[in-house]
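Everything on this sheet refers to the single structure shown next.
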Amino acid sequence: MQLSFGTRLFLRVSTALTLVFLYLPLIVIGIYAFNASRVQRWPLDGLTLDWFDKALHNPGARHALTTSLQAGLAATAIALLLGTLAAFAVARYRFFGRESVSFLVILPLALPGIVTGMALNSSFTQVLGVNLGLATVVVGHATFCIVVVYNNVIARLRRVSPSLEEASADLGAHTWQTFWFVLFPQMRSALVAGGLLAFALSFDEVIVTTFTAGSDQTLPLWILENLSRPNQLPIVNVVGVLVIALSAIPVYVAQRLTADPAAAGTPR
Amino acid sequence: MAVEPATAPARRSVGRRLADLLHGRSRVQLALLLSGPLGWLLVAYLGSLAVLFVAAFWRLDDFSGTIVHSWSTTNFQTLWDGQVYRTIVGRTVGIAALVTITDAVIAFPIAFYMAKVASRRTRGMLIVAILMPLWASYLVKVYAWRQILNEEGILNWALGPLGLKGPGFGVVATWLVFSYLWLPYMILPVYAGLERIPNSLLDASGDLGARPWRTVRTVVFPLVFPAVVAGSIFTFSLTLGDYITPQLVSNTQFIGNVVYANVGVANNLPLAAAFATVPVVVMVAYLLVARRLGAFEQL
């Protein structure tokens, strides 16, 4: 489309401003992490690295980090298994209610977190009578992480022609050999990407976790609790920066893995 | 692949025998594939939702503070009659709509730039640049806005010399922070929608004498509208159920806050469950309208 100089300028400027808007808070929190004073005031009184040291040795934050990592890894493992199975079923078979599977998988993420959280909480405490803790957090997280894996795997399966699997079977490979030697190599990056995104989602989640964690604090819950303690804010700043880094890196890697290699690097 | 001799079936491994058993039996394969995920989602998730929905029909005994397990519509009656609840529903839906409009307006220029102006390389970088803040910790982003909007924060410092003041904490802050949080969810589908519009269509419009703005208004907008609706599903639903942002940047009550307060402080799960059906019903209605507008193909 032929755009006038003015229109192009407007689009460029709005794009730049939108990016500034998106990154400003992240940069601000990054700068505050180096704040020399306990007082959270702009402009900063000075810069220091002390809070990084203090945050890394803060027992509460470290314990919460461990819990978060455990919950994230366990939830990701379950989501990888269940999401892949569901994606295979929907992509490779025809059956009654196939459309509803996609709907059912996305539901835990589409409904407000507070509804999912309350629902799981009441069935854990009122019906099953289990104690809330790491295990219940894992169940909650796995439930809404399935969709991330499912979406990644199904998108890949749609690009991989079923005729490859048929050819493998025709050549005498049994079900597992076809999976391991033909399908899995093509699925690997989609599984890694789905797993990374599921982990990032779990690592970040606040609301469902609030309702399922009991006394086991994850890192977001630790941050939420310490936001109301002015004394702790310098450490919260540092933890915030680390959390952003820990959730941004998996996303970046996942994006690189799923980007269409044929489309990358070619001029338009 | 060597074919195993048919005389030695006994030595076959369990896995191999299972593979033979599955061979050609697509119904059995399907049942095995689906039993795990469907079992999990139906039992752990839909089962829990059912438990919650049933709890909405119980009630809290005012004197003993215990939950009475007998069917009644008391909670829904309370919510329907309470003026304050209606105000809160109106406020929540209103903010959700406002946030959706704000995000659509901000998203359009950058999405248009990405889809129709930027080089392929720039476009790829912009997509990553939008994805990263989307996945950065929700809580940390809200907290960052607290630091910015704070009385002694960066915004008042920047506006001070101009004799202006930031909005501080309140409904405006809630609107601003929600718009910030969900903006990437709007940009990405709108970008994908614009990307799908063939350039030749825009050129044709120009050749027929339409000025750029007219092309945007009469050709681009109608075609990209379903994508905007797709993005609005996120901006709208995420605002509808959130209680943490309002709690952190305002004192104002939204649906989520009332639900949360009833679960935690008041220990009135039945009322909370009943009130939680409001965003669910609104969202289901919204999804039905969105599907009719063709938004699901744009997700």
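Among the listed residues B:Thr78, B:Thr174, B:Thr87, B:Thr122, which satisfies the condition of being within 20 Å of the chain's Cα centre (by Cα) and hydroxyl-bearing (Ser, Thr, Tyr)? B:Thr174 is the lone residue from the list that is within 20 Å of the chain's Cα centre (by Cα) and hydroxyl-bearing (Ser, Thr, Tyr). Entry remark, region B:126-180: residues being facing another protein chain (nearest Cβ under 8 Å) and among the small types (Gly, Ala, Ser) number 5 in total.
Of all the numbered requirements in (1) at the interface with chain B (Cβ under 10 Å from one of its Cβ atoms); (2) modelled with pLDDT of 90 or more, A:Leu65 misses one, and that requirement is (1).
For region B:1-16, the candidate set comprises residues that are more than 10 Å from chain A (Cβ to nearest Cβ) and in a helix (DSSP H, G or I); within that set, the residue that is modelled with the lowest pLDDT is B:Pro9. Taking the conditions (1) over 28 Å from A:Leu11 (Cβ atoms); (2) under 22 Å from the mean Cα position of the chain (by Cα); (3) among the charged types (D, E, K, R) in turn, B:Glu151 satisfies each one other than (2).
On inspection, A:Leu104 does not qualify as out of contact with any helix residue (DSSP H, G or I) (no Cβ under 7 Å at 6 or more places or on another chain), surrounded by fewer than 22 Cβ atoms within 10 Å (Cβ to Cβ) and of a type outside the set (Val, Ile, Thr).
Let's see how each residue does on (1) without any contact (Cβ under 8 Å) to a residue 12 or more places away in the chain; (2) of a type in the set (S, T, N, Q):
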| residue | (1), (2) |
| --- | --- |
| A:Gly172 | yes, no |
| A:Thr175 | yes, yes |
| A:Ser202 | no, yes |
| A:Thr212 | no, yes |
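What about B:Thr92, is it closer than 29 Å to B:Gly256 by Cα, of a type in the set (Val, Ile, Thr) and touching a Phe, Trp or Tyr at 6+ places or on another chain (Cβ under 9 Å)? Spelling it out, B:Thr92 is indeed closer than 29 Å to B:Gly256 by Cα, of a type in the set (Val, Ile, Thr) and touching a Phe, Trp or Tyr at 6+ places or on another chain (Cβ under 9 Å). Among the residues of region B:113-164, those identified as free of Cβ contacts under 8 Å to residues at least 24 places away in the same chain and among the hydroxyl-bearing types (Ser, Thr, Tyr) are B:Tyr113, B:Ser119, B:Thr122, B:Ser137. Checking the structure you have, find out if any residue of region A:162-182 is of a type outside the set (Ser, Thr, Tyr) and either closer than 30 Å to A:Leu134 by Cβ or within 23 Å of the chain's Cα centre (by Cα) (or both). Checking region A:162-182: not a single residue is of a type outside the set (Ser, Thr, Tyr) and either closer than 30 Å to A:Leu134 by Cβ or within 23 Å of the chain's Cα centre (by Cα) (or both).
If you go through region B:37-80 and keep only what is hydroxyl-bearing (Ser, Thr, Tyr) and either within 12 Å of chain A (Cβ to nearest Cβ) or assigned to a loop (DSSP other than H, G, I, E, B) (or both), you end up with B:Tyr45, B:Ser48, B:Ser64, B:Thr66, B:Ser70, B:Ser72, B:Thr73. Of all positions in region B:181-203, none carries a residue that is more than 25 Å from B:Ile110 (Cα to Cα), surrounded by fewer than 17 Cβ atoms within 10 Å (Cβ to Cβ) and among the charged types (D, E, K, R). Taking every residue in region A:84-108 that is more than 7 Å from chain B (Cβ to nearest Cβ) and pairing it with any residue that is basic (Lys, Arg) and in a helix (DSSP H, G or I), at least 6 positions away or on another chain, the pairs with Cβ-Cβ distances below 8 Å are A:Val90/A:Arg98; A:Ala91/A:Arg158.
The condition of being modelled with pLDDT under 90, loosely packed, with under 14 Cβ neighbours inside 10 Å and either more than 9 Å from every other protein chain (Cβ to nearest Cβ) or more than 27 Å from A:Leu49 (Cβ to Cβ) (or both) holds for only one of A:Ala263, A:Ala254, that being A:Ala263.
A search for C-beta distances below 7 Å between a residue of region A:214-234 that is in contact (Cβ under 8 Å) with a residue 40 or more places away in the chain and more than 16 Å from A:Ala135 (Cα to Cα) and any residue that is in a loop (DSSP other than H, G, I, E, B) and acidic (Asp, Glu), counting only pairs 6+ apart in sequence or on different chains, returns A:Pro220/A:Glu205. With respect to the conditions (1) farther than 30 Å from A:Leu65 by Cα; (2) in contact with an Asp or Glu (Cβ under 8 Å, 6 or more places away or on another chain); (3) at pLDDT 90 or above, B:Gly168 lacks only one, and its number is (3). The residues of region A:188-212 that are surrounded by 24 or more Cβ atoms within 10 Å (Cβ to Cβ) and not in a helix (DSSP H, G or I) amount to a single one, A:Glu205.
Helices (runs of 4 or more DSSP H) fully within region A:53-152 that include at least 1 residues being over 30 Å from B:Thr235 (Cα atoms) and touching a Leu at 6+ places or on another chain (Cβ under 8 Å): A:59-92.
Residues in region A:37-52 that are within 19 Å of A:Arg229 (Cβ to Cβ), more than 11 Å from chain B (Cβ to nearest Cβ) and not in a helix (DSSP H, G or I): A:Ser37, A:Arg38. Against the list (1) more than 27 Å from the chain's Cα centre (by Cα); (2) modelled with pLDDT under 90; (3) surrounded by 13 or more Cβ atoms within 10 Å (Cβ to Cβ), the condition A:Leu56 fails is (1).
The values are calculated or read from the model by the stated rules, or taken from the named source; none is laboratory data. Values in this document were obtained by computation on a predicted structure and should not be read as measured data. Cβ coordinates were reconstructed from backbone atoms using ideal geometry, including for glycine residues, and neighbour counts include every protein chain displayed.
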